[in-house]
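The values are calculated or read from the model by the stated rules, or taken from the named source; none is laboratory data. This is a predicted model, so every value here is computed, not measured. Here the Cβ is made from the backbone with ideal geometry for all residues, glycine too, and neighbour counts use every protein chain on show.
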Amino acid sequence: MFFKTSPHRTIFTERLILRAPSFLDVKDIFEFCSDPASSKYADWYPHKNLGETRAFVTWLKRKGSYNSYTWAIEHREDKKVIGTISIVESDYSGKILTVGYTLSKAYWHNGYATEALKELVNYLLKELFVQRVQAKVMPENEASCRLLERVGFKNEGLLKKGAFCRTGCVDVYIYSFTR
């Protein structure tokens, strides 16, 4: 049965707003979605033009359902979308969720991903009563592994060919945060 209601709610942190993506965000989203560094570990190829990004935003809005959802990460001071953070899948009960995130390279190493992920996990555990939040990370994505560990996720081991990405099935670490 997934979520009883849509998981969407605008979430505020000290420096960020996690909110529904909008077509007004296309230019900002294109900036990081077209950057090979920002999209290196994403399951989509770097965008070549604004049309691809508009189609991506359409897809994000369409896939926002009762088992997945994406928030745009807006930098409060800059009033700019600097990334996305998502529930990429839910188990049938809605109690086990997998999350993913992408952040503009221009905003790396400032604690924004940590801030967004901490607040999302807090929301999922306290308001949606989720029991387990998990993430799958390619071993070579050391920055993401460190991010998850900073937030309190535990590495549970390596899943051989545990995720599909642009190049095919890849090995991934499975990280979890449980109640």
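Taking the condition of being in a loop (DSSP other than H, G, I, E, B) and touching a residue at least 12 places away in the same chain (Cβ under 8 Å), how many residues in region 19-39 meet it? First the steps, then the outcome.
Filtering region 19-39 for residues in a loop (DSSP other than H, G, I, E, B) gives 20-22, 34-39.
Add one more test, that the residue is touching a residue at least 12 places away in the same chain (Cβ under 8 Å), and what stays is 20-22, 34-35, 37-39.
Here the count works out to 8.
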Evaluation of K48 against (1) of a type in the set (K, R); (2) free of Cβ contacts under 8 Å to residues at least 24 places away in the same chain; (3) under 21 Å from Y112 (Cα atoms) (one fails), failing number
(3)
Among residues of region 122-139 being of a type in the set (D, E, K, R) and more than 21 Å from A42 (Cβ to Cβ), the residue modelled with the highest pLDDT is R132
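Determine if region 65-83 includes at least one residue that is over 11 Å from the mean Cα position of the chain (by Cα), closer than 16 Å to I11 by Cβ and in a loop (DSSP other than H, G, I, E, B). Spell out the reasoning first.
Just the residues of region 65-83 that are over 11 Å from the mean Cα position of the chain (by Cα), to begin with: 65-67, 74-82.
Narrowing the set further to residues that are closer than 16 Å to I11 by Cβ leaves 74-76, 81-82.
Applying the additional criterion that residues be in a loop (DSSP other than H, G, I, E, B) yields 76.
Yes, the conditions are met somewhere in region 65-83.
Kindly evaluate S86 against the criterion of being in contact with a strand residue (DSSP E or B) (Cβ under 9 Å, 6 or more places away or on another chain), among the small types (G, A, S), within 29 Å of H75 (Cβ to Cβ) and in contact (Cβ under 8 Å) with a residue 40 or more places away in the chain.
On the way: in contact with a strand residue (DSSP E or B) (Cβ under 9 Å, 6 or more places away or on another chain): yes; among the small types (G, A, S): yes; within 29 Å of H75 (Cβ to Cβ): yes; in contact (Cβ under 8 Å) with a residue 40 or more places away in the chain: no.
Considered against the rule, which asks whether it is in contact with a strand residue (DSSP E or B) (Cβ under 9 Å, 6 or more places away or on another chain), among the small types (G, A, S), within 29 Å of H75 (Cβ to Cβ) and in contact (Cβ under 8 Å) with a residue 40 or more places away in the chain, S86 comes out as no.
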Report, by residue number, each residue of region 98-124 that is crowded, with 18+ Cβ neighbours inside 10 Å, among the small types (G, A, S) and within 17 Å of E149 (Cβ to Cβ).
G100, A113, A116
